[in-house]
Amino acid sequence: MRKLLAVLAVSALVFAACAEDDDGAEDQPTAGATTAASCEKDSLNLFEDGQLTIAASNPVFPPWFQGSVAGSDWKDPSPESGEGFESALAYALADELGFTEDEVVWVEEGFNKTYAPGPKDYDFSIQEISITPKRAEAVTFSDGYYNANQALIALDDGPLQDAETLEELQSAKLGAQIGTTGLTFIEEVIVPDDEAAVFDDTSAAKQALENGQIDGIVVDLPTAFFITAVEIPKAEVVGQFESTPDVVEEEQFGLTFEKDNPLVECVNQALTSLRDSGELQAIQDEWLSETVDVPVLG
């Protein structure tokens with residue numbers, strides 16, 4: 001919190017320094033601008049006063065969420081644990097905004113609903129949501145908090161285990177969850193001969209892979225590591241894909257807010273504070289360190 005207040009104090013000084021024009025007339029704040037006072041805890045635009053309400057899917061998955069909480073209504077792992085990259089980040093943001101751990105309340109929200117238009121029964125959602133122009137038409141995104149490459153998973157004894165290039169994937173049967181960047185990547189970058197298999201969720205895609213109905217699935221790289229290490233040990237991460245500017249210029253995960261929720265400005269300031277202090281990188285290093293040294297499929 002001290003770090004955020006320091007940022008706000010600097011912002012207030014800059015505002016004060018610019019408070020008068022050369023003719024001495026006092027400037028008016030820009031419409032919609034966030035002032036230092038508006039980011040004080042008691043001034044935040046919250047869904048419920050006195051608490052920070054955060055949404056995630058149930059279940060959630062490592063390495064984004066880890067750890068159990070006794071008595072929690074959430075399936076394991078629980079976002080209330082503070083363990084895993086996104087859970088740890090959520091509590092770090094809450095701290096920057098002035099909330100204690102007890103003042104953070106988690107609610108369930110399906111992945112696809114997080115970027116659907118309309119009112120939200122929470123302050124923001126955090127669950128590996130890629131920032132895209134289309135989604136931004138319906139919701140407001142925070143600044144990006146993680147740069148994510150897509151990756152290909154295939155069975156150890158499957159036809160793609162030794163693939164090294166995109167050309168080798170042309171004849172493959174690939175699949176991904178509906179509405180994900182992974183599906184967009186298959187359709188617009190890999191462009192296989194056969195239409196991509198589309199699944200309601202990643203669990204269904206994984207089952208299809210195990211059953212041999214598809215040759216590979218495309219998900220973000222950290223999730224690929226979890227699937228191959230825990231859920232489908234007989235599968236492997238074949239490789240990752242470089243970001244493609246014509247599809248997703250720089251794929252980043254962002255928090256989603258109800259459209260035009262002014263709270264996003266204060267959360268962005270908190271993100272900047274965490275980034276500048278090195279705490280955001282430290283959280284990433286602690287929970288996502290295994291995403292290095294993966295071959296690139298080009």
The distance between the Cα centres of the range 139-171 and the range 172-189, in whole Å, is 9
For 103-110, 121-128, ranked highest to lowest by mean beta-carbon neighbours within 10 Å, the order is 121-128, 103-110
Of the listed pairs Lys113/Lys234; Lys173/Lys234; Lys41/Lys75; Lys41/Lys113; Lys113/Lys259, those with alpha carbons more than 20 Å apart are Lys113/Lys234; Lys41/Lys75; Lys41/Lys113
re the range 102-147: pairs of Cα atoms spaced beyond 14 Å account for a percent value of 50
For Ala282, the net charge from surrounding residues (Cβ-Cβ under 13 Å; K, R +1; D, E -1) works out to -3
Expected sort for 160-173, 44-57 on mean C-beta neighbours within 10 Å, highest first, is 44-57, 160-173
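None of the figures in this text is laboratory data; all of them are computed from the coordinates on show. Note that the structure is a prediction, hence the values are computed from the model and not measured. Glycine also receives a Cβ, built like all others from the backbone with ideal geometry; neighbour counts cover every protein chain displayed.
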